[in-house]
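To start, the structure itself, in structure tokens.
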Amino acid sequence: RRPLWVGPTTVAPVSDSMTENAEETGGGGDSDLGGTLASLFRVLESRAVAYGTLERAFKTLVGLGSTPLAARGFAQAVAEVTSEFAACSETVRGIETQLRGHGREDLAELVRAMQGEEEKKLKVTVQAQQLKKQYNEALAHGEDCNCGPEAHKAFLSSDVLYQNSLGALFRQKQQVVERINDLVSELREAYYAELEV
């Protein structure tokens with residue numbers, strides 16, 4: 001009979017290279033404030049592309065199932081995205097330093113807060129993917145439940161648990177994205193104000 005999905009297992013921590021800022025500082029090399037902020041927005045675009053790569057690779061993995069080919073493709077995508085996120089984090093750290101050099105502690109704090117929220121977003125994204133993968137594997141390795149009303153009721157309960165868990169992660173991610181958008185809006189206002197000077 002179909003095995004019951006009893007909830008998410010302990011989620012493995014996201015690798016440090018995907019979530020932690022690099023210790024070294026870097027940046028776009030622009031000496032003016034407007035150029036520094038423009039560099040930041042380019043990093044945000046790079047992150048968006050990386051998220052798209054990760055999501056497409058995961059959908060392919062789920063669609064093909066846990067085949068060796070799908071697993072290798074997803075592992076390769078994760079490696080590429082991990083490298084991209086690490087580079088983005090390093091650049092953002094450098095931009096924060098540049099902003100402090102411009103005497104804009106206020107903007108530097110916004111960038112630091114944004115980076116913290118980006119780390120949360122990545123963790124929640126990976127947790128949601130792992131949750132979906134666990135549930136799909138539980139379905140794929142089982143058979144149709146035809147062993148009576150009690151077993152069917154138990155399966156429906158496990159499905160509700162999955163939906164609730166996934167929904168909670170989705171809401172958490174939405175809240176994080178809203179905070180990121182608010183911070184980016186403030187940074188864009190500063191950027192446009194600088195252009196008018």
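When all protein chains stay in place, what accessible area (Å², nearest 10, 1.4 Å probe) is found for Thr67?
Accessible area of Thr67: about 50 Å².
Any idea how far the Cα center of region 63-80 sits from the one of region 182-197, in Å?
With region 63-80 and region 182-197 each reduced to a Cα centre, they are spaced 40 Å.
So if we plug the beta-carbon distance of Glu105 and Ala79 into 1/(1 + (r/R0)^6) with R0 = 41 Å, what FRET efficiency do we get, rounded to 0.05?
Efficiency for this residue pair is about 0.65.
Between Gln172 and Glu137, take the C-beta separation as r, use R0 = 30 Å, and let me know the FRET efficiency to the nearest 0.05.
Efficiency for this residue pair is about 0.85.
The values are calculated or read from the model by the stated rules, or taken from the named source; none is laboratory data. Values in this document were obtained by computation on a predicted structure and should not be read as measured data. Don't worry about glycine lacking a Cβ; one is built from the backbone with ideal geometry, like all the others, and counts go over all protein chains shown. Note: accessible area is taken over every heavy atom of the protein model, side chains too, but ligands, DNA and RNA are not part of it. Shrake-Rupley method; radii C 1.70, N 1.55, O 1.52, S 1.80 Å.
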